[in-house]
Amino acid sequence: MTPLRFNDALRRAAAATRNDALPAQPPVRIIRDIYGRLRFAINAGEADYPAEARSSLEAAQQTLGAYSGGDELLFRDSFADPDRIFNSSDWHTTVVAMGVDEDGNSLGEVDVMLLDRQITGQDWIRTTRAPRPDSAPPRVVFYGLKGGVGRSTALCMLAYSLAREGKRVLLLDFDLESPGLSGLLLPSDRVAGFGLVDWFIEDAVQRDDSVLLDLVSDSPLAELTRGQIRVAAAMGQGENAYLAKLARVYADVPSPTGPERFAQRMARLVAALEAQERPDIVLIDSRAGLHDLAAISIAGLADLALLFATDSEQNWQGYRQLFEHWRQRPEVLRGVRERLWMVRAMFPESDQEARFQRFLERSYDLFADHLYDEIQPTRADDEPPDAGASEPFSFPMDSDAAPHFPWTVRWSPRFVEFDALSLRNRGGVDDTDIDLAFGPFVERVKESIFGE
């Protein structure tokens with residue numbers, strides 16, 4: 001007998017919630033624990049739920065084999081604080097693909113309410129951002145599934161280009177496992193006394209204010225401009241215990257209202273730095289890959305999240321997995337998709353038209369398959385308009401106003417192992433190099449953020 005696997009178990013459980021013999025209200029929900037085991041949950045007292053329906057669900061739960069979380073169903077009586085469970089914001093309507101039949105025909109999809117308990121990655125589906133004042137600066141997150149696509153270099157060159165125009169730019173290095181911004185933008189003697197990891201460590205013992213004033217320093221890259229580049233590096237000057245601190249950074253900490261999650265602490269830190277620095281814009285270097293830091297940056301902080309990619313199958317497969325994760329949770333998808341924009345990084349010098357078209361087609365397929373709404377057939381003239389319908393989030397492939405239409409950063413040999421703080425004849429670059437490689441990209445970001 002073929003053992004039931006992770007994906008099959010959720011399909012079987014989802015199918016069981018569609019049993020016509022079950023009461024329509026309250027709907028049957030599913031809780032999946034950190035091992036992938038499933039339990040049916042009903043937001044009602046056990047005595048109030050029909051015995052026949054209860055027996056049907058118990059029988060279905062037993063068929064889940066190793067992925068059954070137990071023989072009994074979960075009712076309000078099962079919890080000391082049922083409101084905390086059933087009113088949790090982590091419940092999401094989840095679309096479950098039911099697979100194919102013996103002839104390869106799709107069996108469609110089923111929607112279920114799922115509370116998915118995960119060790120990591122929970123923040124990919126938490127898209128509600130903390131309220132911010134109207135005067136808060138825009139936040140742009142730089143993200144890539146893979147390293148080595150020029151993400152940090154593009155961030156630095158955008159910061160410099162904005163500083164040339166008189167902007168005060170705040171850079172945050174949240175690539176904590178692979179910090180690099182300080183090396184690009186700060187000589188060792190200009191690094192601040194503390195890094196972002198120090199704030200988390202001190203915050204855990206209620207001394208966060210003691211490091212905030214010595215956490216940001218000026219980059220000399222902007223010294224000849226009308227603006228400023230202020231850098232909050234991952235680690236402070238002379239750091240010799242970074243790994244010991246990094247190992248403690250992600251801890252939740254006690255608060256008067258219960259444990260404060262790392263994501264909430266990170267949002268609080270960003271808000272505190274914005275209040276202190278009063279920047280015109282905040283640029284965040286995100287952790288690469290499917291990491292929690294990236295999830296918090298994109299889903300919890302970003303006004304605009306730039307998705308860097310080259311035209312490699314590795315990139316497309318990774319983004320496909322991430323987008324599918326969102327597509328299966330429609331309300332999460334609607335909360336994040338309007339912040340995203342694709343960036344074609346390291347755009348080659350040769351055969352550009354054909355390369356751009358190929359990238360555009362693959363990017364469009366990715367967005368259309370996972371993030372865009374399906375366009376419904378046009379209604380007949382005599383039918384009244386659907387007052388509840390909203391504008392579909394969907395774009396033609398060739399629309400340059402569409403998030404799949406890539407902004408390009410050109411590859412240039414001048415930016416290979418370059419030193420942003422050196423003169424051109426000593427391994428640095430000048431304004432001409434920067435404008436040639438990054439000019440169109442900078443203009444599109446400015447247009448999107450400042451309307452310029």
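Over the Cα atoms of the chain, what Rg and Dmax result, in angstrom?
Over the chain's Cα set, Rg and Dmax evaluate to 25.0, 82 Å.
Report the label-to-label distance for ASP189 and ALA401 in nanometres (one decimal), using points 7 Å from each Cα along the Cα→Cβ vector.
Between ASP189 and ALA401, the label points sit 5.3 nm apart.
Gain in length, ARG334 to GLU165, computed as 0.36 nm per residue apart minus the alpha-carbon separation, to one decimal in nm?
57.4 nm
Using the Cα centre of segment 47-140 as origin and beta-carbon charges of +1 (Lys, Arg) and -1 (Asp, Glu), tell me which of LEU115, ALA130, THR94 is placed farthest towards the positive end of the dipole.
ALA130
Could you work out how far the C-alpha centroid of segment 204-239 sits from that of segment 268-332, in angstrom?
22 Å
Quick one: if you stick a label point 7 Å off each Cα along the C-beta vector at ASP103 and SER89, how many nm between them?
Label at ASP103, label at SER89, 4.7 nm between them.
Please give the direction-averaged projected area of the C-alpha convex hull for segment 43-105, in square nanometres with one decimal. Please report the intermediate quantities before stating the final value.
On the way: hull surface 25.5 nm².
In nm², the orientation-averaged hull projection of segment 43-105 is 6.4.
Round to the nearest 10 and give me the degree value, 0 to 90, for the angle of helix 6-16's Cα axis relative to the longest principal axis of the chain.
50 degrees
Over segment 1-117, with the other protein chains present, what is the accessible area per residue in square angstrom, probe 1.4 angstrom? All intermediate terms of the calculation are to be shown ahead of the outcome.
Details: 6550 Å² over 117 residues.
That works out to 56 Å² per residue.
Select from segment 1-86 those GluC sites (Glu not before Pro) which occupy a DSSP coil region and have at most 15 other Cβ atoms within 10 Å, ordered by residue number. Don't jump to the answer; show the numbers that get you there.
Details: sites: GLU46, GLU52, GLU58, GLU72; in loops: GLU72.
Filter output for segment 1-86: GLU72.
Please determine, in degrees from 0 to 90 and to the nearest 10, the orientation of helix 51-62 with respect to the longest principal axis defined by the Cα atoms of the chain, where the helix direction is its Cα long axis.
50 degrees
The chain: longest stretch without exposed chymotrypsin sites (Phe, Trp or Tyr not before Pro) (DSSP loop, at most 13 other Cβ within 10 Å), sites themselves excluded?
80-452
Taking a probe of 1.4 Å, how large is the accessible area per residue of segment 301-358, in Å²? Write down the numbers at each step before the final one.
Details: 2440 Å² over 58 residues.
That works out to 42 Å² for each residue.
Report the label-to-label distance for ALA80 and GLU452 in nanometres (one decimal), using points 7 Å from each Cα along the Cα→Cβ vector.
If labels sit at ALA80 and GLU452, their model points lie 5.6 nm apart.
Calculate what fraction, in whole %, of the accessible area of the chain sits on carbon and sulfur atoms when a 1.4 Å probe is rolled over the protein chains.
Details: 10580 of 22210 Å².
Ligands and nucleic acids excluded, carbon and sulfur give 48 percent.
Between GLU391 and VAL416, 0.36 nm times their residue separation minus their Cα-Cα distance comes to what? Intermediate values should be presented prior to the final figure.
Details: separation 25, 0.36 × 25 = 9.00 nm, distance 4.39 nm.
So the extension gain works out to 4.6 nm.
Expressed as an acute angle from 0 to 90° and rounded to the nearest 10, what is the orientation of the C-alpha long axis of helix 352-370 relative to the principal long axis of the chain?
Tilt of helix 352-370: around 30 degrees.
With the Cα gyration tensor of segment 136-182 in hand, give its eigenvalues times 5 under a square root as the equivalent ellipsoid semi-axes, listed largest first in whole angstrom.
On the way: eigenvalues 82, 29, 19 Å².
Taking √(5λ) for each Cα gyration eigenvalue gives 20, 12, 10 Å.
Cut-off 14 Å, label point 7 angstrom out along Cα-to-Cβ of LEU290: give me the residues of segment 304-318 whose amide nitrogen falls inside.
314-318
Suppose we keep just the alpha-carbon trace of segment 118-197; what are its Rg and Dmax in angstrom?
Calculated on Cα positions, Rg and Dmax stand at 15.2, 45 Å.
What does the charge count around PRO392 come to, taking other residues whose C-beta lies under 11 Å from its C-beta (Lys +1, Arg +1, Asp -1, Glu -1)? Please list the in-between numbers first.
Working: positive: none; negative: ASP373, GLU374, GLU391.
Spelling it out: positives minus negatives among the neighbours equals -3.
Suppose a student asked you for the relative contact order of the chain, using Cα pairs under 8 Å spaced at least 6 residues apart; what percent would you report? Spell out each step's value before the answer.
On the way: 730 pairs, mean separation 70.2, N = 452.
The value is 16 percent.
Can you give the calculated 222 nm mean residue ellipticity of the chain, where each DSSP H run of n ≥ 4 adds -39,500 (n - 2.57) and the sum is split over every residue, rounded to the nearest 500 deg cm²/dmol?
Values: 14 runs with 149 residues, N = 452.
Calculated at 222 nm, the ellipticity per residue is -10000 deg cm²/dmol.
Based on the Cα coordinates of segment 30-144, what is the per residue volume of their convex hull in Å³? Before the final figure, lay out the partial values.
Working: hull volume 22.6 nm³, N = 115.
Once divided by residue count, the hull of segment 30-144 is 197 Å³.
For segment 309-379, which GluC sites (Glu not before Pro) are in a loop by DSSP, counting at most 16 other Cβ atoms within 10 Å? Don't jump to the answer; show the numbers that get you there.
Values: sites: GLU313, GLU324, GLU331, GLU338, GLU349, GLU353, GLU361, GLU374; in loops: GLU349, GLU374.
Filter output for segment 309-379: GLU349, GLU374.
The values are calculated or read from the model by the stated rules, or taken from the named source; none is laboratory data. On a predicted model such as this, the values are computed, not experimentally measured, just so you know. Every residue, glycine among them, receives a Cβ derived from its backbone with ideal geometry; neighbour counts consider all protein chains shown. For accessibility, only protein heavy atoms count, side chains too; no ligands or nucleic acids. Shrake-Rupley method; radii C 1.70, N 1.55, O 1.52, S 1.80 Å.
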